[in-house]
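Below you'll find the structure, written out as structure tokens, and then a few comments.
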Amino acid sequence: MEDFISRLKYLRTFFNLSQPEFAKIINVSRGNVGDWETGRSKPTVPALITISNRFNISIDWLLKGIGSGPGQTEDRLLEKQDHPYLTTLELSLIDMFRKLDLDSQNLVIDFVRSQLKK
């Protein structure tokens, strides 16, 4: 990926999130995300920190492409103290999900969506 805009879009789509869903997770408006993805504006430092923390990526990767992005990170367990808004079960599920290949991750996502429609 060559630039911030590409990496931001990759991050959002990697987690299969719409702009409004992504915006809600990082507590900004959907318009902010749209402006970032079109290059009309750049996120603030607090927004970058929130993105980094919520999605377990480095700001260096997001801004400069240095290091690993989502799906490319080393196997590191999430720590409860780093993510107090997640339960232990949610952290375990995320850790297991990350160990799956992309096709398996998509199967899990499809299954969960089907369960939510019931």
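Just so you know, all these numbers are worked out from the coordinates, no wet-lab data involved. None of these values were measured; they are calculated from a predicted model. Every residue, glycine as well, gets a Cβ built from its backbone with ideal geometry; the counts of neighbours run over all protein chains shown.
Brief remarks on what is shown
- Radius 14 Å from Cβ of Arg12, net charge of other residues (Lys, Arg +1; Asp, Glu -1): +2
- Projected label points at Ser58 and Phe15, each 7 Å from Cα along the beta carbon direction, are separated by 1.9 nanometres.
- Local electrostatic count, Glu37, Cβ distance below 12 Å [Lys/Arg +1, Asp/Glu -1]: +4
- Size of the stretch 4-64 from its Cα atoms: along the principal axes, largest to smallest, the extents are 23, 22, 20 Å.
- Share of alpha-carbon pairs per 5 Å distance bin for the chain, given as whole %: 2, 10, 19, 24, 21, 15, 8, 2, 0
- Stretching the chain fully between Thr50 and Thr88 yields a gain of 11.6 nm (0.36 nm per residue, less the alpha carbon separation).
- Taking each residue as 0.36 nm, the span from Ser41 to Phe111 lengthens on full extension beyond its C-alpha to C-alpha distance by 21.5 nm.
- The count of lysine pairs in the chain with alpha-carbon distances below 24 Å, taking only pairs 8 or more places apart or on different chains, stands at 9.
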